[in-house]
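Visitor: The structure follows.
The values are calculated or read from the model by the stated rules, or taken from the named source; none is laboratory data. Since the model is a prediction, treat every value here as computed from it, not as a measurement. As a convention, Cβ positions derive from the backbone with ideal geometry for all residues, glycine included, and neighbour counts pool all protein chains shown. Surface areas here come from the heavy atoms of the whole protein model, side chains and all, with no ligands, DNA or RNA. Shrake-Rupley method; radii C 1.70, N 1.55, O 1.52, S 1.80 Å.
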Amino acid sequence: KQWYQRRVREEKLLMDTTRSELLDIYLDVTFQHLPCDHISVDAMDVSGGQQVDVDHDIKKIRLKSDGTEIGEESVENLGDAVLDPNRCESCYGAESTEMTCCNTCADVQKAYRAKGWGLESLAAFEQCKREGLVRAIDDTKKEQCNVQGRLRVSKVSGNFHISPGKSFQQSNAHVHDLKLLQQFPLNLTHTIHRLSFGEFVPTQVNPLDNHTFVATELNTMRQYFTQIVPMRYNKINSEVVLSNQYSVTYHHKHIDLNKAARGEQSGLPGMFVTYEISPLMVEVSENRRSFTHFLTGVCAIVGGVFTVAGIIDSFVYNSYRAFQKKLELGKVN
């Protein structure tokens with residue numbers, strides 16, 4: 001392809017006028033030592049918006065210790081086939097007007113979280129024993145978990161995190177129930193395969209793609225602080241893509257769960273991504289050089305060649321004339 005037909009990109013800095021739109025966060029993270037059953041994905045921002053234990057547009061894929069995928073397994077066992085579909089089982093004291101029956105282990109946990117009660121063991125609940133979840137906690141200790149999908153948040157500063165323990169709201173506070181995991185080694189080693197804010201565009205570089213954090217101790221809080229710069233990419237076919245670039249710094253610290261429970265230390269084991277959004281926007285436009293631009297360039301090159309050739313010719317001619325005069329005057333031996 002001729003060089004003058006190649007695409008060129010022009011960049012401009014503008015004020016961001018897209019604040020009313022939502023921000024899409026695409027993530028693909030693998031936790032090498034945490035099973036999916038123990039992980040919650042949450043998002044919150046400075047405007048008060050909260051998304052607790054997100055499951056829409058987010059997939060948690062169970063992996064074996066060697067990284068191969070574990071197929072979907074039903075939580076129902078053969079004994080469930082004889083259960084009365086109209087049954088109303090006990091919530092073990094956690095009944096409320098919104099939830100009067102707890103027919104599954106998940107219902108019991110939900111009812112307890114609504115009351116703000118912690119669950120130290122699932123063995124006390126018939127529903128959990130029937131579904132095999134008491135045994136499953138031990139069976140999943142060697143599993144990995146791949147979390148992938150999209151979070152859609154308001155375009156204001158905020159954070160999202162992937163942490164162990166079921167999350168819920170209690171008295172306007174964001175809480176993770178870690179009682180069931182007190183005897184579980186919380187190793188937060190993880191690999192970020194992809195983390196981007198918005199759709200992919202050419203020239204985009206995501207600094208956290210293929211980033212691996214190896215936790216050297218248990219109960220680690222890994223924090224990523226990102227600065228986001230919005231981008232509008234105008235393609236040559238008139239398509240407009242809104243995306244973002246970002247820079248990142250990171251930090252980690254050990255969390256003593258006993259001190260955290262007493263309020264002596266802040267934080268929670270997990271992967272936390274905090275983001276702040278710049279008021280400026282980078283606009284990138286794709287263009288092609290026109291044929292007249294090509295002609296102008298060719299004329300400039302030809303004119304430059306003739307100019308240089310003229311200078312060389314003049315120098316050679318004047319040097320030759322000076323030499324001839326010296327010969328005529330006999331000044332040359």
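Visitor: Which residue is modelled with the highest pLDDT, if the candidates are limited to the range 202-235 and must be surrounded by fewer than 15 Cβ atoms within 10 Å (Cβ to Cβ) and of a type in the set (A, V, I, L, M, F, W, C)?
Guide: Only one residue fits best here, namely 214.
Residue by residue, here is whether (1) at pLDDT 90 or above; (2) part of a loop (DSSP other than H, G, I, E, B) holds:
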{"site": "263", "(1), (2)": "no, yes"}
{"site": "266", "(1), (2)": "no, yes"}
{"site": "276", "(1), (2)": "yes, no"}
{"site": "284", "(1), (2)": "no, no"}
{"site": "304", "(1), (2)": "no, no"}
{"site": "313", "(1), (2)": "no, no"}
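Visitor: Then there's this: Return the residue satisfying two criteria in turn: it lies in the range 41-62 and is farther than 22 Å from residue 196 by Cβ and in contact (Cβ under 8 Å) with a residue 24 or more places away in the chain, and of such residues it is surrounded by the fewest Cβ atoms within 10 Å (Cβ to Cβ). Spell out the reasoning first.
Guide: We begin by selecting, within the range 41-62, every residue farther than 22 Å from residue 196 by Cβ; these are 47-48, 50, 52-53, 62.
Cutting the leftovers down to in contact (Cβ under 8 Å) with a residue 24 or more places away in the chain gives us 47, 50, 52-53, 62.
Working: 47: 12, 50: 14, 52: 16, 53: 15, 62: 17.
Restricting to residues being farther than 22 Å from residue 196 by Cβ and in contact (Cβ under 8 Å) with a residue 24 or more places away in the chain, the top hit is 47.
Visitor: Would you be able to say whether some residue in the range 236-256 is polar (S, T, N, Q) and open to solvent by less than 40 Å² (accessible area, probe 1.4 Å)?
Guide: Within the range 236-256, one or more residues are polar (S, T, N, Q) and open to solvent by less than 40 Å² (accessible area, probe 1.4 Å).
Visitor: Being under 13 Å from the mean Cα position of the chain (by Cα) and at positive phi is the filter here; which residues of the range 184-236 pass it?
Guide: Residues satisfying the conditions are 198, 210.
Visitor: Name the residues in the range 258-285 that are over 23 Å from the mean Cα position of the chain (by Cα) and surrounded by fewer than 17 Cβ atoms within 10 Å (Cβ to Cβ), would you?
Guide: Let us first name the residues in the range 258-285 that are over 23 Å from the mean Cα position of the chain (by Cα), namely 258-266, 285.
Result: 258, 259, 261, 262, 263, 264, 265, 266, 285.
Visitor: Which is in a strand (DSSP E or B), at negative phi, open to solvent by less than 90 Å² (accessible area, probe 1.4 Å) and in contact with a strand residue (DSSP E or B) (Cβ under 9 Å, 6 or more places away or on another chain), of 24, 37?
Guide: Only one candidate passes the filter, namely 24.
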